[in-house]
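Undergrad: Attaching a single structure in structure tokens format; questions to follow.
The values are calculated or read from the model by the stated rules, or taken from the named source; none is laboratory data. Keep in mind that this is a model prediction, so the values were computed, not measured. Note that we place each Cβ from the backbone using ideal geometry, even for glycine, and neighbour counts take in every protein chain shown.
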Amino acid sequence: MKITNAEVFLTCPGRNFVILKIETDQGVVGYGDGTLNGREKPVVSCLQDCVIPMLIGMDPRRIEDVWQLLYRGAYWRGGPVAMSAIAAVDLALWDIKGKMAGMPVYDLLGGRSREKLQLYGHAAGRDIAATIDAVSAWIEQGYRTVRAQTGVPGLNTIYGVQSSSNPGIGSAPPRADLPPVHQWDSDAYLKVVPELFEQLALTFGDQARFLHDTHHRLRPIEAARLAKELEPFHLFWLEDVCRPELAERFRLIRSASTTPLALGEVFHTIQECQPYIEEGLIDFIRVAAIHAGGITHTRRIIDFSALHDVRIGLHGPPDVSPIGMAAQVHLGAWAPNFGVQEWAVFPASEMDDVFRHEHWIERGHVIPSEASGLGVTFNETNAKKHEFKRSYLGVNRLMDGTVWNY
Ligand code: GCO
Ligand code: MG
């Protein structure tokens, strides 16, 4: 069996996505996702200029060998662009294998460990009262895990608020075609967040468990203070309190409290995850299958985490396409150490023109589809109608103008 052709689709049905199609000499076709938010075109080039020429003629059944060739076989290894490109190939090959076997990918991984996967949704508001309203809406839909973010007095913009339920809180970029500029002040943030979770605990009691994303913005000593102050509210997790480059700095945060910690959405390899998992510095690993080398490599990270009693909460923001999300549904259905799945599918009607699947959402859970492969169909004609629009993630600046972690 041979790979005969591969084609990249850069489509924007409300969000930009990089989708790879792999065709075979037996007529079976697979689709993968290699979207890297704000850096879509470099992945397209990596696929078209470097990866696809190597794939043609290879046996699509040899997923491991293809993976090793693209990763180990490359002198310039790793990084977000290459690992997303490898992920796109890997997902497409698992899709092909599942279609050939007539089985959903979770069956190829070892079968389902559960009937349904618990999801968390994003609730956000300009202020605490608005966040409480947004949380209520999720709880009414049956969600028992909800991420809560709130506006910070004195800051015009903040991660997680402007992009979801309050599109009004956004900052104009210096030029319309440049990244939007956000503001950051740790003291102002640290004042409001404990208050938010106190109010949520008072309002909702045991009805839900809450998550919160600091998006890498605090220093370790500030992060340790936040984790400690949130301890009485028993969060489901506190995410990305600091940049993860220096694992040893997390010892301070870890020893300061029993608030569960999650991290890893910006990791691409098992080696980056290793110190955190091995030393028990986190409770949840957050890699995304589409940024961590696909199903093949993410499965290794999941197994390694299971060995150290770390659960998975794979990254599922709106910048992961339904194909990438499906890969995570299959991994989560199989993983013995599943924790929760983030579900932030971008709400655009154009999405349905392009992607169709039967992964079923019910009362805060996803029930995996039994269709063969990844279980998502991709409408190429419609995808071509939705043209790519350049977009950037924001840039963060402290109040005096200093560039800070986004
Ligand atoms: C999350 C993430 C995302 C990222 C985004 C960057 O926890 O969902 O932090 O919102 O900001 O994926 O492209
Ligand atoms: Mg995050």
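Undergrad: Counting only residues that are charged (D, E, K, R) and more than 16 Å from ligand 2 (Cβ to nearest atom), which one in segment 250-283 is nearest to Leu331 (Cα to Cα)?
TA: Result: Glu278.
Undergrad: Let me confirm something: among Ala247, Ala208, which residue is more than 16 Å from ligand 2 (Cβ to nearest atom), buried (at least 21 other Cβ atoms within 10 Å of the Cβ) and over 17 Å from Gly160 (Cα atoms)?
TA: Result: Ala208 is the single residue among Ala247, Ala208 that is more than 16 Å from ligand 2 (Cβ to nearest atom), buried (at least 21 other Cβ atoms within 10 Å of the Cβ) and over 17 Å from Gly160 (Cα atoms).
Undergrad: Would you confirm whether or not segment 56-72 contains a residue that is modelled with pLDDT of 95 or more, assigned to a loop (DSSP other than H, G, I, E, B), away from ligand 1 (no atom under 16 Å from the Cβ) and on the phi > 0 side of the Ramachandran plot?
TA: Yes, that holds for at least one residue.
Undergrad: Of all residues in segment 331-358, how many are more than 16 Å from ligand 2 (Cβ to nearest atom) and of a type in the set (A, V, I, L, M, F, W, C)?
TA: 9
Undergrad: Hey, another quick one. List the residue pairs whose Cβ atoms are under 6 Å apart, where the first residue sits in segment 209-238 and is within 17 Å of Tyr406 (Cβ to Cβ) and within 16 Å of ligand 1 (Cβ to nearest atom), the second is part of a helix (DSSP H, G or I) and of a type outside the set (D, E, K, R), and the two are 6 or more positions apart or on different chains.
TA: Qualifying pairs under 6 Å: Leu218/Ser186; Ala223/Ile253.
Undergrad: Ok, one more. Kindly check whether there is at least one residue in segment 246-269 that is away from ligand 1 (no atom under 16 Å from the Cβ) and among the aromatic types (Phe, Trp, Tyr).
TA: yes
Undergrad: Right, next: Does any residue in segment 45-63 that is more than 12 Å from Asp90 (Cα to Cα) come within less than 6 Å, Cβ to Cβ, of a residue that is in a loop (DSSP other than H, G, I, E, B) six or more places away or on a different chain, and which pairs are these?
TA: These pairs meet every condition: Gly57/Lys2; Asp59/Met1.
Undergrad: Restricting attention to segment 81-121, and to residues there that are in contact with a Gly (Cβ under 7 Å, 6 or more places away or on another chain) and not in a helix (DSSP H, G or I), which single residue is surrounded by the fewest Cβ atoms within 10 Å (Cβ to Cβ)?
TA: It comes out as Gln118.
Undergrad: Still on this structure, please answer the following. What about Arg286, is it buried (at least 20 other Cβ atoms within 10 Å of the Cβ) and either over 30 Å from Phe233 (Cα atoms) or within 16 Å of ligand 2 (Cβ to nearest atom) (or both)?
TA: Against the criterion (buried (at least 20 other Cβ atoms within 10 Å of the Cβ) and either over 30 Å from Phe233 (Cα atoms) or within 16 Å of ligand 2 (Cβ to nearest atom) (or both)), Arg286 qualifies.
Undergrad: Determine, yes or no, whether Asp309 is out of contact with any Lys or Arg (no Cβ under 9 Å at 6 or more places or on another chain), assigned to a loop (DSSP other than H, G, I, E, B), more than 16 Å from ligand 2 (Cβ to nearest atom) and of a type in the set (D, E, K, R).
TA: When the stated conditions are applied, Asp309 passes them.
Results for (1) outside any loop (DSSP other than H, G, I, E, B); (2) modelled with pLDDT of 95 or more; (3) of a type in the set (Gly, Ala, Ser), shown as yes or no for each residue.
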{"site": "Ile323", "(1), (2), (3)": "yes, yes, no"}
{"site": "Gln328", "(1), (2), (3)": "yes, yes, no"}
{"site": "Pro336", "(1), (2), (3)": "no, yes, no"}
{"site": "Phe346", "(1), (2), (3)": "no, no, no"}
{"site": "Asp352", "(1), (2), (3)": "yes, no, no"}
{"site": "Asn382", "(1), (2), (3)": "yes, yes, no"}
{"site": "Arg390", "(1), (2), (3)": "no, no, no"}
